[in-house]
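Have a look at the structure below before the remarks.
Each value in this text was obtained by applying a stated rule to the coordinates, not by laboratory testing. Computed from a predicted structure; not experimentally measured. In this analysis, Cβ positions are derived from the backbone assuming ideal geometry, glycine residues included, and neighbour counts consider all displayed protein chains.
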Amino acid sequence: MPVNSSRSIQPTSVLGKPAYNMSCADHSSHSLFSLLRRLEDAKIHFTLARHREDTVLVTMTLVGERVEVDVFADGHMEVSRFPGNEDVVGDAELVQRLIDENGGTIPSGSGS
């Protein structure tokens, strides 16, 4: 199949900057990429999510704690810590009760 060079899809932005104007040096030095490299080097489990237009959420899973780091387009970070333990506190009935108690609610700031 021939490639139609007259049509291409370009991302409009990456981390708040026009993607077509970014060089590798621009985004590889962004605090998000620095954080990801440090987590990978330390072998710390993390996930990425996007709930807001201006941030990427990095969730770290540590022993006894979950940490959420919102990395903003300008590079600053906001951190929330959720300490706890890994004790089993319930079963399927608890899951259903939590769903019943919290269903239909949208956490503030989620943008959903």
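Is there a residue being exposed (fewer than 11 other Cβ atoms within 10 Å of the Cβ) and polar (S, T, N, Q) anywhere in the range 55-64?
Going through the range 55-64, the residues exposed (fewer than 11 other Cβ atoms within 10 Å of the Cβ) turn out to be 63-64.
In the following step, the residues that additionally are polar (S, T, N, Q) were identified as none.
Among the residues of the range 55-64, not one is exposed (fewer than 11 other Cβ atoms within 10 Å of the Cβ) and polar (S, T, N, Q), which makes the answer no.
In the range 73-89, what residues are in contact with a strand residue (DSSP E or B) (Cβ under 6 Å, 6 or more places away or on another chain) and under 17 Å from Glu53 (Cβ atoms)? Talk me through it step by step, then tell me what you get.
In the first step, residues of the range 73-89 are kept if they are in contact with a strand residue (DSSP E or B) (Cβ under 6 Å, 6 or more places away or on another chain); the result is 77-83.
Correct list: Met77, Glu78.
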